[in-house]
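Right, one structure below, let's go through it.
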Amino acid sequence: MRATRKLITVDEDLCNGCGNCVTGCAEGALAIIDGKARLVNEIFCDGLGACLGQCPTGALKIVEVEAEDFDPAAVAQLLKSQGRQVPDHMPDPGSLRLHPKGVGGQAQSSGPAGGCPSRQVMSLKPQTPCQQANVPASQSGGASNLSHWPIQLRLVPPAAPFLKNARLLLAADCVPPSYPDFNAKLLPGRVLLLGCPKFDDAASYIDKLADILRENAIRDVTVVQMEVPCCNGMTAIALRAAQAAGVGVPIETIVITRDGYVQADGPAGPGGLPRFAG
């Protein structure tokens, strides 16, 4: 069935045929043909743009066109035929639709009057070292360094007071459960924004983050993402948001391996690992 939706396109004049996007596409939608990256079939592309961060020349772009619906079953069959691993969960085509936007790009709540409680903006107070020292031994997990609520990027309003002059920690959803030291080493002194570059709408993330950067004099952004290819879109989202906002905020990337370690050199290149307080 054909419908208007987001789809990857390749500018052949910019494409150098490096093939980074091919390995960066978990669905196998791209291939190198006659020395250029090309879309194999519309039904293999989910339109989320996880491959964007892999292109060194900017040849890839997400456009909204009339195309065949994304077909998870066809993707699974393609990956099997190529001897590649099929992801446990394929995205629901219906989930690719943009959330309706309200003031400042914030998604509207469909819940009861007053809105969903998870949208309530709150500034929290992380415990001081003295308070942490008095935490009962039975609470072996340690104190939280979370400074605010909400933490999902889609729920955070650009005007939230905790964003003013903040240092942002833009983290992929899979990072906190994968990296044991996430709370202690990455959170102190930073405002956390969580999201998934694979299954959430990248365009809405770019719009929201651009609003945040534009309105709050953000000091710097640290992106924390997983080593898997579909997670590379997180850095691309940050870079595109800064460009859209017209700000020169420093952006650095940390990559976490699946077995819970910090990769030596992430997409930001050597020396891309920032220092953290504490």
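Structure notes:
- Residues in the stretch 147-191 that are of a type in the set (Gly, Ala, Ser) and either modelled with pLDDT of 90 or more or part of a helix (DSSP H, G or I) (or both): Ala166, Ala171, Ala172, Ser178, Ala184, Gly189.
- Residue count for the stretch 20-47, restricted to those that are in a loop (DSSP other than H, G, I, E, B), of a type in the set (A, V, I, L, M) and touching a strand residue (DSSP E or B) at 6+ places or on another chain (Cβ under 8 Å): 2
- Conditions (1) over 23 Å from Ser204 (Cα atoms); (2) at pLDDT 85 or above; (3) not hydrophobic (A, V, I, L, M, F, W, C); number of the one not met by Glu64: (1)
- Condition check for Ala203 on (1) over 21 Å from Glu27 (Cβ atoms); (2) in a helix (DSSP H, G or I): one failure, at (1).
- Screening Ala184, Ala171 for residues that are crowded, with 22+ Cβ neighbours inside 10 Å and either assigned by TED's automatic domain parsing to the domain that holds Ile212 or closer than 19 Å to Lys208 by Cβ (or both) leaves exactly one candidate, Ala171.
- Among the candidates Pro197, Pro188, Pro229, Pro177, the residue that is free of Cβ contacts under 8 Å to residues at least 40 places away in the same chain and not polar (S, T, N, Q) is uniquely Pro177.
- Of all residues in the stretch 200-213, those that are of a type outside the set (A, V, I, L, M, F, W, C) have Cβ atoms under 6 Å from Cβ atoms of residues that are in a helix (DSSP H, G or I), 6 or more apart or on another chain, in Tyr205/Ile237; Asp207/Gly105; Lys208/Gly105; Asp211/Gly104; Asp211/Gly105.
- Tallying residues that are modelled with pLDDT of 70 or more and surrounded by 12 or more Cβ atoms within 10 Å (Cβ to Cβ) within the stretch 78-93 yields 4.
- Exactly one residue out of Glu12, Glu64 is surrounded by fewer than 17 Cβ atoms within 10 Å (Cβ to Cβ) and part of a strand (DSSP E or B), and it is Glu64.
- Against the numbered list (1) modelled with pLDDT of 65 or more; (2) not in a helix (DSSP H, G or I), Ala73 comes up short only at (2).
- Screening Gly28, Gly17, Gly49, Gly35 for residues that are outside the structural domain of Pro197 (by TED's automatic domain parsing) and touching a residue at least 60 places away in the same chain (Cβ under 8 Å) leaves exactly one candidate, Gly49.
The values are calculated or read from the model by the stated rules, or taken from the named source; none is laboratory data. None of the values given here were measured: they were computed from a predicted structure. Quick reminder, even Gly has a Cβ in these numbers, built from the backbone with ideal geometry, and neighbours come from all protein chains shown.
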